[in-house]
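Here the structure comes first, spelled out in structure tokens, and everything after it is commentary.
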């Protein structure tokens, strides 16, 4: 069975919040906290780091070699979207991901092609 884990980006405090117990992020949401919820994909990168929705990853397999983990409703499933070339990799699997390099919220500067 897949593990259901979440993190939350607090938009006001600009910090990533990690659950102390299952469902805690939904309690924060119910309390009106300004958060963006990130879901665990159930996968880990080559360095055993958990991969979450909106993580920035290096792929080395297509396009620019950089992507963001997104939920792709058309498949449906997790996918890596090349954010520099606007290219979608298809379903996410372990041989696509080399390393988690950050996430959209804590490392937005990594989205530039410089």
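Assorted remarks:
- Just one of the listed residues (92, 29) is at pLDDT below 80, surrounded by 13 or more Cβ atoms within 10 Å (Cβ to Cβ), closer than 18 Å to residue 5 by Cβ and more than 11 Å from the chain's Cα centre (by Cα), namely 92.
- Segment 97-114 residues that are closer than 18 Å to residue 50 by Cβ, paired with ones that are part of a helix (DSSP H, G or I) and at pLDDT below 90 (beta carbon under 7 Å, 6 or more apart): 101/110; 102/110
- Residues of segment 60-82 that are modelled with pLDDT of 80 or more and within 12 Å of residue 100 (Cα to Cα): 67, 68, 69, 80.
- Within segment 1-46, strands (runs of 3 or more DSSP E) holding 2 or more residues that are touching a residue at least 24 places away in the same chain (Cβ under 8 Å): 6-10, 35-44
- Residue selection: residue 101 satisfies the criterion of being on the phi < 0 side of the Ramachandran plot, in a strand (DSSP E or B), surrounded by fewer than 18 Cβ atoms within 10 Å (Cβ to Cβ) and at pLDDT below 95.
The values are calculated or read from the model by the stated rules, or taken from the named source; none is laboratory data. As the structure is a computational prediction, the values presented were derived from the model and not from experiment. Positions of Cβ are generated from backbone atoms using ideal geometry, with glycine treated the same way; all protein chains shown enter the neighbour counts.
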